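Each remark here refers to the structure printed beneath this line.
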Amino acid sequence: MTQNASSKKIIDLPCSQKTNDDDVAQNHPDNYFRRDFVKYLAVAIPIMNLPLSSGVNATTKPERRPPQAGDRLTYFQKSKRGQIIKLSDLKELDKPLLVVPFDVENNVVKDGSRYNQILLQKLPSELLSAETKKRSDQGVIAYSAICTHAGCPVTGWVADEKNYMCPCHQSVFNPKDSGVVVSGPATRGLPAIGLKIEADEIILTNTFNSWIGFGKRPK
Ligand code: FES
């Protein structure tokens, strides 16, 4: 647990890990790599944004395909990866869980791209905005785990405010209200993803509602 300048209690989530993206980002079919900016930042995290679905083609490896309707969710934690997460696995107001999509029809865990990493959480339904309720079920919400400022993993949970915080430059996002920015430097909210619950199973109903990463919307 860490504390920021204003002494809010921040709970750190397990940090998302390097995946193939970090090695092959420049060749990725979805790549909108910001080469100059990356050189400027000189950080290990690839900085890019992804279109919602364009750029994915027949040659895209199944484990790198973006989440889609019908996918289930599984733990990012390696020892539990492949285990489908159920509603009964989530405790209301627990810190968000880092998860990845699971294409159950083809038995593919989509963990080949860090841009598929998702924050999954159960909050009291009454705290959710009308818009957020539309894409959630029984208080369960899901957002991209990749910061829209410069692509860091969003790993902080500000428990008393029930917000997410990116540790890189302290952008704060409100998961109760569509992932909007509470404070920058990020200027765009976290992409959200719709879900429904059937017989205790959490099932995605679409893909992210916005592009992953930073910068302008890819063409
Ligand atoms: S990368 Fe998240 S605040 Fe800068």
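Given an 8 Å cut-off on Cα distances and at least 6 residues of separation, report the relative contact order of the stretch 140-219 as a percent. It would help to have the intermediate numbers written out before the result.
Details: 166 pairs, mean separation 23.3, N = 80.
Answer for the stretch 140-219 is 29 percent.
Which of Lys61/Lys86; Lys95/Lys122; Lys80/Lys134 have a Cα-Cα distance over 19 Å?
Where the Cα-Cα span goes over 19 Å, the pairs concerned are Lys61/Lys86; Lys80/Lys134.
Once you charge only the Cβ atoms, +1 for Lys and Arg and -1 for Asp and Glu, what is the size of the charge dipole of the stretch 91-219 about its Cα centre, to the nearest 20 debye?
Here the stretch 91-219 has a charge dipole of around 600 debye.
Using θ = phi - 60° and the Karplus relation 6.51 cos²θ - 1.76 cosθ + 1.60, list the HN-Hα couplings for the stretch 76-87 in order, rounded to whole Hz, with x at every Gly or Pro.
Whole-Hz 3J(HN,Hα) from phi for the stretch 76-87: 6, 4, 4, 5, 10, 5, x, 8, 5, 7, 10, 4.
Hey, with R₀ at 45 Å, roughly what FRET efficiency would Ser79 and Arg217 work out to, going by the Cβ-Cβ distance, to 0.05?
My answer for the efficiency is 0.75.
How far apart, in nm, are the 7 Å Cα→Cβ label points at Lys86 and Glu131?
3.4
May I ask you to sort Phe173, Phe208 by Cβ crowding, counting other Cβ atoms within 10 Å and putting the fewest first?
In increasing order of surrounding Cβ atoms, one gets Phe208, Phe173.
Any read-out appearing in this document is the output of simple, stated calculations on the displayed coordinates, not a laboratory observation. Values in this document were obtained by computation on a predicted structure and should not be read as measured data. Methodologically, a virtual Cβ is constructed for each residue, glycine included, from the backbone with ideal geometry; neighbour enumeration extends over all protein chains shown.
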